[in-house]
Amino acid sequence: MITDPGELPADSVRQSIAGVEHLLAAFAAIADDLGLDTVLERVISAACQLVDARFGALGVIGPHRRLSHFITVGLQDDEIHRIGPLPTGHGVLGLLITEPHPLRLSDLRDHPLSYGFPAHHPQMTSFLGVPIRIHDRVFGNLYLTEKNGGADFSAADEQLLVSLASAAGVAIENSRLFDEANRRTRWLEGGLNAVRELLGQQDEDRNDLEILSAHATDSSQSILAAVLRAFGTQHELMCEAADGVDVESLLGRRSQGASLLESLTMSPSPALLSPHEIAQLLPAAEGRIGTALCCRLPGEGDRRFLLIGRAPGAPLFTEVDHEVMRVFASHVSLALELLRIHRQREQEAVFGDRDRIARDLHDLVIQRLFAAGLSIQSLRKYTPDEEALGRISSITTELDATIRELRDTIYSLRSVPQVTPTFTTTVFALVADAFDGHELEPVLQLSGPLDTSVRGEPADHVRAILLEGLSNALRHAGARAITVSLKSTTDHLELRIIDDGRGFEDPDRESGLANMKHRAQLCGGALSIDSTPGQGTVVHLHIPLEPTGATLPASR
């Protein structure tokens, strides 16, 4: 039997019409924005308005069937802070997780699974909860309490909320897909920008790894990105470059986590790190990083790793982050390899020129000088003048000395190997060897385009000064910490060796320091030593650098 709408009570008709209008308005509000966080907040607000509830919450079901996110409406920020940790899915809230069906209660405190309320939590009685489904999967649950006016939630309220949850599931799925697309786009654009900057060398004050870590931070929306390098024979790691929070406390720090990283990153996919593993790899970041991803950077013997971290409470890394981080690492690693090959070819071209010059000096210049010397000596039989004979002897002696110097020059030109390790690689090896057998922890901080700007004889002098400075600090300072800082720009290099040891009164009289200053002068630079008894020592080297012009065109 079909009932004529005119026979229904006017109040019921008005309530039904109002419920439909509120439901349509809620649909429109939810669909007005594609941002996932905004959609979730609007779902809760719309649900409260729809059934006239004072308090509302949306719990997102995460790993292990627990609530990973809990978003509330109706509570002030100070109330939430006083209540303490948010629910994770116990009691009545957990019942909707294990049994995802609508649940309506007159007084949730009387339910057998009720846990009660924590201190400072407002008392709640009437309760209405419904699951939010996305296809066949339960995404989360809507929880409504305290219907205004003191009444219980009705069956009509339940039906309206179930309808709203269905629409919310569609909106949440669309938002999730939109968010994933944005994540992919941000990662891919970040990788392309990193490659473009690496190959174009637009920023001459940052080295390759500093550029990489800066783009990794932006692309992943993390608070930290660090490039870790395995070195030495003791499975040690050192933070070679970083971008984000507390960079100074991380750069150059050593940890014993190389074997852990190598086991975690055996596969090409990034590894999700636990808080304990994060603390083992980056002790200085313990407590500041809640979740982190780490992957191996291909090339350079697979001895480098990229780690990105987010703050505690920040959104977790998704499958999209895992997938696209691997693509990002592949792109930037390829760019780094192209740079290495380009610089190696430049080096080989320079050494090829040196070989050609050496051959020309030997085959042409020396032979001509030798022939000239013989011709001059043959003039002796044509003149008896003692002064002229003296001049001939002087010239031939000078030619002999010139020939010897040319041969020394030829030897030095040909003694340079065709392929040499990069400057930073040799510095890492030098520091590792210097501290081998010492319990003291080195801190090595590298900044700027060191591999492209520090070459040849200046690089040899810098390494010699660094080794002498470390040896003095390790043997005589009695220090608890030694920090080595190397920073280069396109026109100068600065080296600082800082220790907190016993210091000394007259730096100029200490052994080995005169040799360090002499090497600095040979580079056209200056070395200063600041030391105070009981307050440690600072060795500061400043040398000018000639522009190398060793950059790869941005496009070709």
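The values are calculated or read from the model by the stated rules, or taken from the named source; none is laboratory data. Note that this is a predicted model, so its numbers are computed, not measured. Neighbour counts run over all protein chains shown; Cβ positions are idealised from the backbone, glycine included.
Can you confirm whether segment 176-189 contains a residue that is β-branched (Val, Ile, Thr), crowded, with 23+ Cβ neighbours inside 10 Å and in a helix (DSSP H, G or I)?
No, the conditions are met nowhere in segment 176-189.
Here Leu486 clears all of (1) surrounded by 22 or more Cβ atoms within 10 Å (Cβ to Cβ); (2) at pLDDT below 85 except the condition numbered (2). Residues that are modelled with pLDDT of 80 or more, under 30 Å from Glu439 (Cβ atoms) and among the hydroxyl-bearing types (Ser, Thr, Tyr) do occur in segment 263-275, at least one of them. Among residues that are in contact with a helix residue (DSSP H, G or I) (Cβ under 8 Å, 6 or more places away or on another chain) and touching a residue at least 40 places away in the same chain (Cβ under 8 Å), Ile395 is not included. The helices (runs of 4 or more DSSP H) falling completely within segment 216-327 that include 1 or more residues that are within 14 Å of the chain's Cα centre (by Cα) map to 247-250, 275-281. Note on segment 368-391: residues that are of a type outside the set (Ser, Thr, Tyr) and more than 30 Å from Ala358 (Cβ to Cβ) total 11. For segment 66-112, how many residues meet the condition of being aliphatic (A, V, I, L, M), surrounded by 17 or more Cβ atoms within 10 Å (Cβ to Cβ), out of contact with any Phe, Trp or Tyr (no Cβ under 6 Å at 6 or more places or on another chain) and without any contact (Cβ under 8 Å) to a residue 24 or more places away in the chain? Total satisfying the criteria: 1. Checked against (1) modelled with pLDDT under 85; (2) surrounded by fewer than 21 Cβ atoms within 10 Å (Cβ to Cβ); (3) charged (D, E, K, R); (4) more than 18 Å from Ala520 (Cβ to Cβ), Glu457 passes all but a single condition, namely (4). Total residues in segment 78-107 satisfying the condition of being assigned to a helix (DSSP H, G or I), of a type in the set (A, V, I, L, M) and closer than 15 Å to Asn141 by Cα: the figure is 5.
Filtered by the rule that a residue be within 19 Å of Leu282 (Cα to Cα) and either among the small types (Gly, Ala, Ser) or outside the structural domain of Gly244 (by TED's automatic domain parsing) (or both), segment 296-312 gives Gly309, Ala311.
Would you point out the residue of segment 152-170, among those that are within 25 Å of Pro87 (Cβ to Cβ) and not in a helix (DSSP H, G or I), that is farthest from the chain's Cα centre (by Cα)? The qualifying residue farthest from the chain's Cα centre (by Cα) is Asp152. Restricting attention to segment 401-446 and to residues that are modelled with pLDDT of 80 or more and more than 50 Å from the chain's Cα centre (by Cα), the residue that is surrounded by the most Cβ atoms within 10 Å (Cβ to Cβ) turns out to be Thr402. Which members of segment 108-127 meet the condition of being not in a loop (DSSP other than H, G, I, E, B) and not aromatic (Phe, Trp, Tyr)? Selection gives Leu108, Arg109, Asp110.
Condition test on Arg253, is it of a type outside the set (A, V, I, L, M, F, W, C), surrounded by 17 or more Cβ atoms within 10 Å (Cβ to Cβ), touching a residue at least 40 places away in the same chain (Cβ under 8 Å) and under 21 Å from Asp208 (Cβ atoms)? Don't jump to the end; show me each part of the working.
Working: of a type outside the set (A, V, I, L, M, F, W, C): yes; surrounded by 17 or more Cβ atoms within 10 Å (Cβ to Cβ): yes; touching a residue at least 40 places away in the same chain (Cβ under 8 Å): yes; under 21 Å from Asp208 (Cβ atoms): yes.
Yes: the conditions hold for Arg253.
When you look at Leu144, is it over 43 Å from the mean Cα position of the chain (by Cα) and either in a strand (DSSP E or B) or surrounded by 17 or more Cβ atoms within 10 Å (Cβ to Cβ) (or both), yes or no? Taking the combined requirement at face value, the residue does not satisfy it.
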